[in-house]
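Take a look at the structure set out below.
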Amino acid sequence: MHDIWEKISPYNIILHTELIEPRAYQINIIKKVYSGKNYLIVLPTGLGKTLIAILAIAKTIYEGKKAIILAPTKPLSEQHYNTLKKLLNIDENSILLLTGSMRAKEREERERNSKVIAATPQTVANDLRLGRLSMDDCGVVIFDECHKAVGKYAYTYIADECKLKGIQIIGLTASPGSDRKKINKLIETLGIQDIEIRTSLDADVVQYVMDKPITVEYVEKGHTVTKITSLIKPLIDEHLDKLYKKGMSPFRRYDNMSKRQLLEIGGNIEKIEALNYKYMLLFHYVYAINLAHMHELISTEGIYPFVNYVKLLEEREKKSRAVASLLSDGNVKNAIEIAKSAMLNGEEHPKMFRAVSIIKGLNGKNIIIFAQYRSTIRKLTEMLNLNGISARSFVGKGNGITQNGQQEIIKEFGNKEFSVLVSTSIGEEGLDIPSVDVVIFYEPVASEIRTIQRKGRAGRMKIGQIIILVTRGTKDEIYLMISNVREKRMKQVIEKIRDSLEKKYGSAAMGEGQQKLYK
C-alpha cells in the first residue's frame, strides 16, 4: 500500500487512503490524467472509473481549485456525492450535491463555498446560464456516462464552457459505441486529447475481471405465436410494398428492415410538402409501423404485451384513419381474438415460461432480468411471483414511480429483501447494484453500449453469469448478431481514433514537477 501511495503523492493527503486500494491499471491511467490533457477513459462496468475520478479530484483540490463531477441522473449524482464524502479527506460542508430542489439563493451560496460539486448536467447548465455558478476557479470537470454528451444535451453546453476556460475534461464510460462518426463527435464535443481504454482481456485488468460465462438460450415461437405472426406479417409487407413503389422504403418486405430504417421512412415523409401525397404515404406508414410493433411484441416479447398494446390503440380517443382501419382489418381482428383466447387459457410466449424456468433453477441467486417494454416487465414480475419467486419491477419515472421509490427498490434488492429485479434500460448504467450473480437479457439489444452495460451488472464481486434469451426465426437473432459484431469492433475503432489523437496532440507529457512524483 505504501508503494502505491508514493505514486500519487502528495495528493494522497486529500484522501482517506485507508479506505482506498488503487489497482495497477488505475494508477497507470491516473498518471496519464495528471498530465492535464483532456481524457476519455473507457473501462468495463465495475472496474473503478469512479476511483480514477476521485484521484483526479484530489489533485485539483490540492492545487487550490474546484472540481465538478456530473452524472446523467439524480440517483447517480447522489451516489457520487456519498462516495466523495466517504473518500475525500476534506470538510464535508465543502462537498455539494447540486439539485434543482435547493432554493436559488442557498444554491448560489453553497456553490460559491464548495470545493467539489456532484450534480446532474441540467442543474449545472441552468446555473451557469443564470450566472449563479462560476467555473472560473474550476480545475477539472468529470463527465460520467459521457457517451450521452451529444446533440443539445446539457453535457455539451458545459463542455463548451470548459473548453472556453481551459478546464480539464475527463470523460468516463463503459462504452462509447463502435460508430466511428459518433465517437469522433464525442471527442470533438468534449475536446478530448487522448484516450485510455481497457477491456476485460488487457493484461493489467484481467486479474480483476470476474469470469462471466455467457449462455444463449434459444426458444421456439410456439403454435399460437406463429399463428398470430402469420396473420400480421403479410399486412406489414403489403403496406411496405406500397411505400417501396413510391420510393419511400428501402425494402418491400419487413424481414429485411431494421427498426431504425422503418423510423427513417416517417422522417422522410414529414419533409414532403404536397399534402395529399404526404397523407397517402402517412396512411401506409402508420399502418406499417403499428403493425411492425405488434409483430415485434408477439414474436419476441409475449402475448400479454401484444394484447396490452392493442388495448392502448383501441382506447385512444382520437384515432388516425390508419389506426382505425388497422383495428377493423379482418386479419388483425382474428389475431387479437386468438391472443385474447390464449391468455384466458393461461398461454404465454414460450420465452416467458423459459425465463421463469431458468430463474427457478437459479434459486438463491440475485438476478437482474432486463426487458425492453413495461408490459413485458409487468407480466414477467407477475409470473415470477406466482411461481414463488420474489421479484420487483424496476422502471423509469412515471405511473407514480419517483426517484426516491427507485432508490428504495435498489436498497431492498441490495439487502436481499427480494431476489429478482425485473428492469427496463434504467438499470443498465450508473446505479450501484453490486450484488448481482446473474444478468438475463429477455431479448438481445442491437446497441453495443447497452449490451456492455447490461453485461457489466453481473459478477462485480464474484463469478457472474449472463443468459441471453433468443426466439428463433425472429429479429432476436439479428440483434444478437449485430451486438456481437459491434462489441468486437468497438476497441479496434477506439484505438485507431486514439492513434490519430496522439499524432495531433502527442503522447501524455508530464511537466518536470509531475515527473518527480513518479520517480
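With the cut-off at 1.5 for a/c, could you classify segment 89-221 from its C-alpha gyration tensor as rounded, prolate or oblate? Prolate shape, in that a/c is at least 1.5 and a/b is the bigger ratio. By the count of other C-beta atoms within 10 Å, a proxy for reagent exposure, Val323, Val219 are ordered fewest to most as Val323, Val219.
Please give the contour-minus-distance gain from Asp160 to Arg472: 0.36 nm per residue of separation, less the Cα-Cα distance, rounded to one decimal in nm.
107.6 nm
Adding -39500 (n - 2.57) for every DSSP H run of four residues or longer, then dividing by how many residues the chain holds, sets the calculated 222 nm ellipticity at -16000 deg cm²/dmol.
Proximity of backbone amide H atoms, modeled 1.01 Å from N, is registered between Ile440 and Ile368, Ile369, Phe370, Ile467 at under 5 Å, excluding neighbours fewer than 5 places apart on the same chain.
Of all lysines in the structure, the ones whose alpha carbon falls short of 27 Å from that of Lys411, not counting any fewer than 8 places away in one chain, are Lys49, Lys74, Lys85, Lys86, Lys148, Lys212, Lys360, Lys365, Lys379, Lys397, Lys455, Lys462.
Looking at the square roots a ≥ b ≥ c of the eigenvalues of the Cα gyration tensor of segment 223-344, which shape do they give, rounded for a/c under 1.5, prolate if a/b is larger than b/c, or oblate? Before the final figure, lay out each step's value.
Numbers: a/c = 2.24, a/b = 1.60, b/c = 1.40.
It comes out prolate by the Cα gyration axes.
Want the number for Ser230 to Ala274: 0.36 nm per residue separation, take away the alpha-carbon distance, what's left?
Details: separation 44, 0.36 × 44 = 15.84 nm, distance 3.53 nm.
Gain in length upon complete extension: 12.3 nm.
3J(HN,Hα) along segment 271-278, derived from phi through the Karplus expression 6.51 cos²θ - 1.76 cosθ + 1.60 where θ = phi - 60°, amounts to 7, 6, 8, 5, 4, 4, 5, 4 Hz, with x in place of Gly and Pro.
Fully extending the segment from Lys246 to Leu19 would add 75.2 nm, taking 0.36 nm per residue of separation and subtracting the current Cα-Cα distance. I need the shape label for segment 154-225. Rule: rounded when a/c is under 1.5, else prolate if a/b > b/c, else oblate, with a, b, c from the alpha carbon gyration tensor. Because a/c hits 1.5 or more and a/b fails to exceed b/c, segment 154-225 counts as oblate. With bins 10 Å wide beginning at 0, the percent of Cα pairs of segment 281-434 falling in each bin runs 10, 34, 30, 19, 7, 0. Spin-label model, Lys496 to Asn113: label points 7 Å out along the Cα-to-beta-carbon direction sit 5.3 nm apart. Considering only alpha-carbon pairs that sit under 8 angstrom and 6 or more positions apart, the relative contact order computed for the chain is 18 percent. Spacing of the modelled spin labels on Leu386 and Glu412, each 7 Å from Cα toward Cβ, amounts to 2.1 nm. Strictly greater than 21 Å: what percent of every Cα pair in segment 2-205 meets that? When all Cα pairs of segment 2-205 are counted, 49 percent exceed 21 Å. Sorting 140-147, 156-163 by their mean Cβ neighbour count within 10 Å, with the most densely packed peptide first, gives 140-147, 156-163. Between Asp202 and Val323, the distance separating the two model label sites (each 7 Å from Cα on the Cα→Cβ line) works out to 4.9 nm.
Remark: Leu312, Leu243, Leu380 ranked as Leu312, Leu243, Leu380, counting other beta-carbon atoms within 10 Å and listing the fewest first.
Any read-out appearing in this document is the output of simple, stated calculations on the displayed coordinates, not a laboratory observation. For clarity, every value in this text was computed on a predicted model and none was experimentally measured. Note that we place each Cβ from the backbone using ideal geometry, even for glycine, and neighbour counts take in every protein chain shown.
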